[in-house]
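Written out below as structure tokens is the structure these notes cover.
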Amino acid sequence: MARLTDGHGRRFYYLRLSVTEVCNFRCAYCLPDGFHKTGDDAFLSVDEAGRVASAFSAIGVAKLRLTGGEPTTRKDIGALIARSAATPGIDKIAMTTNGWNLDKHARAWRDAGLTALNVSIDSLDPARFAQITGHDRLKGVLDGVDAALAHDYASVKLNAVLLRDNAEAEFRAFADYVRDRPIAVRFIELMRTRDNVAYFNDQHLSGGVLKTWLDREGWIPRTRAFDDGPAVEFIHPAYQGRIGLIAPYGQGFCDSCNRLRVTARGKLRLCLFGDGGVDLRDLLQSDDDRDALVERIVAAMDGKAAAHRLAENDPGDTRHLAQLGG
């Protein structure tokens with residue numbers, strides 16, 4: 001099988017495929033005023049998404065994650081899952097969701113071929129959850145997590161954005177939550193985008209604060225798998241679950257990058273915080289174009305930078321994370 005590599009010696013196994021820019025939450029760090037339409041709704045069709053998966057599979061990608069926006073706002077999300085899962089060579093199909101209807105669909109999505117779920121939950125305190133997301137839905141989201149655990153997903157993880165307010169109390173609450181649950185909770189450093197500068201300046205906290213807390217509480221680093229995402233995870237003998245950290249401002253964060261992105265409008269993004277993108281959509285209309293599609297993807301890799309420029313307060317052209325799938 002061909003291998004997808006860049007000019008810095010990194011090999012890519014992992015594709016994040018956005019299927020919509022629409023989100024029904026109003027998270028303070030991303031879309032505090034809610035989603036506002038900025039163009040037509042011509043997001044990738046099921047067939048187009050399937051051709052993306054097929055092309056990347058042909059050059060060594062084995063893990064595909066459906067993202068958004070909120071991917072489950074699409075009525076055909078089940079078909080998107082099934083089409084991706086049917087792609088030869090793709091053996092892990094994941095989805096990142098805010099969990100708003102997970103309790104109703106966890107079994108159906110698993111039956112369609114979804115193998116892993118990441119659920120965004122920024123606080124286990126109902127009032128704080130509502131303050132951050134704009135919705136008083138924490139209980140329903142947690143019911144969805146329990147439903148996913150009951151339906152044989154290979155992996156269930158929670159994502160929580162690391163915020164300055166009440167950080168240590170959140171560390172303790174999430175640790176208690178995973179004591180008896182085989183779940184990984186990953187705290188993600190708040191990232192600056194073009195739209196959240198004031199919020200970032202008020203709430204950004206270094207991931208070193210979490211590392212210090214974990215070390216004090218007896219957690220130790222877990223060995224990484226070759227196709228893991230950017231999280232460094234920690235384990236503790238008294239806990240079934242794990243706690244992780246995604247620290248994009250940390251030194252060397254980009255050195256082990258193994259993932260690429262395709263937007264909901266069919267652009268290949270070499271970096272979440274880059275500029276522009278390589279349009280693939282004209283080659284997603286027919287199965288006959290797969291060789292040309294693969295060739296365009298491979299040729300684009302020479303343009304992948306060694307690292308993002310977040311430390312220089314440069315998020316590229318990323319307005320907010322719903323725009324590209326985070």
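Just to be sure, is Asp317 acidic (Asp, Glu) and either open to solvent by 80 Å² or more (accessible area, probe 1.4 Å) or part of a helix (DSSP H, G or I) (or both)? So Asp317 does not fit the description; no. Restricting the search to helices (runs of 4 or more DSSP H) fully inside region 103-221 and requiring at least 3 residues that are surrounded by 14 or more Cβ atoms within 10 Å (Cβ to Cβ) and within 20 Å of the chain's Cα centre (by Cα) gives 126-133, 138-150.
With respect to the conditions (1) in contact with a Ser or Thr (Cβ under 6 Å, 6 or more places away or on another chain); (2) closer than 23 Å to Leu270 by Cβ, Thr72 lacks only one, and its number is (2). When region 268-296 is filtered for residues that are among the aliphatic types (A, V, I, L, M) and farther than 27 Å from Thr97 by Cα, the ones remaining, listed by number, are Leu283, Ala292, Leu293, Val294. Within region 185-223, the set of residues being over 23 Å from Ile121 (Cβ atoms) and of a type in the set (D, E, K, R) comprises Arg194, Asp215, Arg216. Within region 29-48, restricting attention to residues that are touching a Phe, Trp or Tyr at 6+ places or on another chain (Cβ under 8 Å) and either within 30 Å of Ala306 (Cα to Cα) or in a strand (DSSP E or B) (or both), the residue that is least open to solvent (accessible area, probe 1.4 Å) is Leu31. Against the list (1) aliphatic (A, V, I, L, M); (2) part of a helix (DSSP H, G or I); (3) within 21 Å of Gly7 (Cβ to Cβ), the condition Leu260 fails is (2). Summed over region 222-259, the residues that are of a type in the set (Lys, Arg), farther than 16 Å from Phe171 by Cα and open to solvent by 40 Å² or more (accessible area, probe 1.4 Å) give a count of 2.
Here Gly277 passes the criteria (1) over 29 Å from Gly9 (Cβ atoms); (2) buried (at least 17 other Cβ atoms within 10 Å of the Cβ); (3) in contact with a strand residue (DSSP E or B) (Cβ under 6 Å, 6 or more places away or on another chain); (4) modelled with pLDDT under 95 except the one numbered (1).
Counting only residues that are more than 19 Å from Val46 (Cα to Cα) and open to solvent by less than 40 Å² (accessible area, probe 1.4 Å), region 286-300 holds 2 of them.
When you look at Phe25, is it of a type in the set (A, V, I, L, M, F, W, C), within 28 Å of Ala225 (Cβ to Cβ) and open to solvent by less than 30 Å² (accessible area, probe 1.4 Å), yes or no? No.
Every listed requirement among (1) open to solvent by less than 50 Å² (accessible area, probe 1.4 Å); (2) not in a loop (DSSP other than H, G, I, E, B) is met by Leu272 save one, (2). Hey, any hits in region 230-246 for a residue that's farther than 16 Å from Met191 by Cα, more than 15 Å from the chain's Cα centre (by Cα) and basic (Lys, Arg)? Yes; the residues of region 230-246 include at least one that is farther than 16 Å from Met191 by Cα, more than 15 Å from the chain's Cα centre (by Cα) and basic (Lys, Arg).
Which residue is modelled with the highest pLDDT, if the candidates are limited to region 181-205 and must be more than 30 Å from Gln240 (Cβ to Cβ) and among the β-branched types (Val, Ile, Thr)? Per the stated criteria, the residue is Val197.
The number of residues in region 60-95 that are acidic (Asp, Glu) and open to solvent by less than 50 Å² (accessible area, probe 1.4 Å) comes to 1.
Give me the residue from region 105-136 that is of a type in the set (Val, Ile, Thr) and in contact with a Cys (Cβ under 9 Å, 6 or more places away or on another chain) and, out of that set, farthest from Ala169 (Cα to Cα). In this case the residue turns out to be Thr133.
The values are calculated or read from the model by the stated rules, or taken from the named source; none is laboratory data. Note that the coordinates shown come from a computational prediction; the quantities given were computed from them, not determined experimentally. Methodologically, a virtual Cβ is constructed for each residue, glycine included, from the backbone with ideal geometry; neighbour enumeration extends over all protein chains shown. In case anyone asks, the SASA skips ligands and DNA or RNA and just uses the protein heavy atoms, side chains included. Shrake-Rupley method; radii C 1.70, N 1.55, O 1.52, S 1.80 Å.
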